1. Just to confirm my filter: which helices (runs of 4 or more DSSP H) fall fully inside the stretch 192-260 and include at least 3 residues that are free of Cβ contacts under 8 Å to residues at least 12 places away in the same chain?
2. Is it true that Gln133 is over 11 Å from the mean Cα position of the chain (by Cα), surrounded by 22 or more Cβ atoms within 10 Å (Cβ to Cβ) and not β-branched (Val, Ile, Thr)?
3. Going by the conditions given, is Val209 at pLDDT 95 or above and in contact with a Gly (Cβ under 6 Å, 6 or more places away or on another chain)?
4. Exactly one of these conditions fails for Ser95: (1) modelled with pLDDT under 95; (2) of a type in the set (Gly, Ala, Ser); (3) crowded, with 16+ Cβ neighbours inside 10 Å. Give me its number.
5. Of everything in the stretch 67-84 that's hydrophobic (A, V, I, L, M, F, W, C) and in a loop (DSSP other than H, G, I, E, B), which residue is surrounded by the most Cβ atoms within 10 Å (Cβ to Cβ)?
6. Is there a residue in the stretch 158-171 that is surrounded by fewer than 20 Cβ atoms within 10 Å (Cβ to Cβ), of a type in the set (A, V, I, L, M, F, W, C) and at negative phi?
7. Based on what the data block shows, is Asp195 farther than 29 Å from Tyr297 by Cβ, surrounded by fewer than 15 Cβ atoms within 10 Å (Cβ to Cβ) and not β-branched (Val, Ile, Thr)?
8. Being within 14 Å of the chain's Cα centre (by Cα), at pLDDT 95 or above and among the aromatic types (Phe, Trp, Tyr) is the requirement here; does Phe144 meet it?
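The values are calculated or read from the model by the stated rules, or taken from the named source; none is laboratory data. Model, not experiment: these values are computed from the prediction. Here the Cβ positions follow ideal geometry from the backbone for every residue, glycine too, while neighbour counts run over all protein chains shown.
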Amino acid sequence: MLAVMAEGSSLTARIPYPPAINRISGQAIVHTSPRPQSQVTMGGGPTSPFDLRSLLTPEFLASLVRARLPYDPRTPMDFSEFGRSIFLTDPISPSVKTTIWRVLKKLSTIGLEHMPDLTLYLPAPTDPAYPEQTLGLLLLLDHFPRLMFRGVDQRWTYGYFSHLSRRVARAWHALPPAQRPDSWARWQQMGAGLDYWIAVRFWMGTPFVHSERAEDQEVALLFTEETRAAVEMVSGMTDPYRAERGQILADLYGFPRVYKAGPPQGDGVTREGWTFWMGMLMDVHKPMIDRFGRYPYLNSMLAREGTPEEEVWVAKTEHFGEADEETKRRIQEDVKHGRWTPLGEGSHGQRIHVLS
């Protein structure tokens, strides 16, 4: 079985890389923070056999941000199109997916207990390239498996890559506020406008929303409130969902209902309206964790036995997000025998959903 590495484990050396390119200015970014060019070691132990420098390059991570946020960071965004690209269409080109698949496949062969600290393949937190590079790594681990994996492969999304994305998210969130890669001030320094920053915040918050840990849900709640408050301050508007906040945070069936209804669409979608809707969507995940301590619809993906109350939830939501019967059977067999079907050998069935 693949065990989760202790959260305190880390590598001792940051990975040396050539300069990355600032996609906003188009200029090469000179890394100013010292990064020792020593070998990657785990907790002072022997050299790790899993050197990922040729895969997790600055160019690759930046390309993931461009693929998921193909907008001019300095100009207003079409939030109707942004929502459509997340929930209703698949805008990622086959060539980009091929490269992503190669990297995810390699990561899947390492095992959680042997995985190097992936944050050390990023620039130092004080480096100007750190925000975009961190976003690229989060997209790789948290978003693209949800977008690309099908069938038995979906176990890798929720039972493996979600653990990795959580480690990265917890690491950057623990930084001093001025160094955090979600900082509005840092993205302003890079030349990004408020619209682009809102999109960045959406993707950087999803690992906390996706987590089944209560402490991460509290982080998600505060994170979403920070985004909401910033937009309220700039626009002078008040999020209309504030009046329903008590109901939202108690609505056990809210997420499936909101997800099925889809994002705001049409010419009338504004930056503020989309942000307030997004905040509500993020918040409405929490009641499930508060009640069940986990997402009931992931039980089938992880071969977990549902409780009677969870089974009622699944039935009332018309089996929202559940795996098909063949996928459930194969995952149960794998778990029973202490094995994982190799990534890529279990892709069948239909897309479940993207967000969680």
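1. The helices (runs of 4 or more DSSP H) meeting that bar are 214-235.
2. Values: over 11 Å from the mean Cα position of the chain (by Cα): yes; surrounded by 22 or more Cβ atoms within 10 Å (Cβ to Cβ): yes; not β-branched (Val, Ile, Thr): yes.
It is true that Gln133 is over 11 Å from the mean Cα position of the chain (by Cα), surrounded by 22 or more Cβ atoms within 10 Å (Cβ to Cβ) and not β-branched (Val, Ile, Thr).
3. When the stated conditions are applied, Val209 does not pass them.
4. Going through the list (1) modelled with pLDDT under 95; (2) of a type in the set (Gly, Ala, Ser); (3) crowded, with 16+ Cβ neighbours inside 10 Å, Ser95 breaks only (3).
5. Leu69
6. Yes, because at least one residue in the stretch 158-171 is surrounded by fewer than 20 Cβ atoms within 10 Å (Cβ to Cβ), of a type in the set (A, V, I, L, M, F, W, C) and at negative phi.
7. No.
8. Numbers: within 14 Å of the chain's Cα centre (by Cα): yes; at pLDDT 95 or above: yes; among the aromatic types (Phe, Trp, Tyr): yes.
So Phe144 fits the description; yes.
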